[in-house]
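Asks: Please find one structure pasted underneath; my questions will follow.
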Amino acid sequence: MQFSENSRVWVYQSNKKLTDEEVQQLQNQLDSFTTGWTAHNNQLKAAAEIRYNRFLILIVDESQAGASGCSIDKSVNFIKQIEQQYNINLLDRFNLAYREGNEVLSAPRHDFEDMLKNGSINTNTIVFNNMVQNLKEFQTKWEVPFKDSWHIQLFKDLIIGH
């Protein structure tokens with residue numbers, strides 16, 4: 001399915017890495033959800049994928065039908081069900097993901113701050129900007145160096161101090 005670069009994107013990050021079996025099972029659930037996802041009885045042109053066994057990405061091409069408040073509520077309720085079923089947290093925006101070599105890890109804000117202080121994370125560390133709004137931003141601004149992300153604003157006092 002082709003999607004416009006202006007398609008809306010929602011990125012949900014798990015606080016722990018999912019197993020390959022969980023990813024396979026979850027992808028089936030995501031496919032089922034997006035196939036039946038509607039806004040005011042209009043089928044949404046939607047898709048979902050899982051990246052790095054950690055990120056659930058929902059995409060809606062609004063050129064066909066726009067995502068409404070009700071349809072967004074449906075997706076959030078679906079995500080909450082997934083959280084319970086897999087015993088994960090997908091809605092914590094201060095669980096920050098970063099790359100360490102080929103591995104994608106995450107840490108709560110205070111642990112991330114400690115890693116910045118001790119130098120195990122620096123301004124060149126790749127972080128994940130889960131606040132991207134559309135497909136173009138997702139493709140170009142999702143995986144970025146810490147210094148180019150919104151994270152730098154959160155920790156600017158630490159960076160300036162070094």
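Where a number appears in this text, it was derived from the coordinates with a stated rule and is not lab data. The shown structure was predicted, so the numbers you read here are calculated from the model rather than taken from an experiment.
Asks: Which of the lysines could a cross-linker span from LYS147 if the Cα-Cα distance has to be under 29 Å and same-chain partners fewer than 8 positions apart are dropped?
Replies: The qualifying lysines are LYS16, LYS17, LYS117, LYS136, LYS156.
Asks: Pick from GLU143, GLU62, GLU21 the residue whose mean-square fluctuation is largest in a GNM of the chain, springs joining Cα atoms under 10 Å.
Replies: Of the options given, GLU21 has the highest mean-square fluctuation.
Asks: Relative to 2.2 N^0.38 Å, what does the C-alpha radius of gyration of region 69-162 come to as a ratio? Two decimals please.
Replies: Expressed relative to 2.2 N^0.38 Å, the Cα Rg reads 1.22.
Asks: Ok, one more. Run the helix sum for the chain: -39,500 (n - 2.57) per DSSP H stretch of 4+ residues, divided by residue count, reported at 222 nm to the nearest 500 deg cm²/dmol. Intermediate results must be reported in sequence, preceding the final value.
Replies: Working: 6 runs with 61 residues, N = 162.
-11000 deg cm²/dmol, from helical runs alone.
Asks: Sort region 8-86 into rounded, prolate or oblate with this rule: let a ≥ b ≥ c be the square roots of the eigenvalues of the Cα gyration tensor; rounded if a/c is under 1.5, and if a/c is not under 1.5, prolate when a/b is larger than b/c, oblate otherwise. Kindly include the intermediate steps, with their values, before the conclusion.
Replies: Values: a/c = 2.09, a/b = 1.92, b/c = 1.09.
Prolate is the answer for region 8-86, as a/c is 1.5 or above and a/b outweighs b/c.
Asks: Highest GNM mean-square fluctuation, the chain, Cα pairs closer than 10 Å: which of ASP61, ASP148, ASP114?
Replies: Looking only at ASP61, ASP148, ASP114, the biggest GNM fluctuation is shown by ASP114.
Asks: Using the alpha-carbon centroid of each, what span in Å lies between region 61-124 and region 8-60?
Replies: Here the answer is 13 Å between Cα centres.
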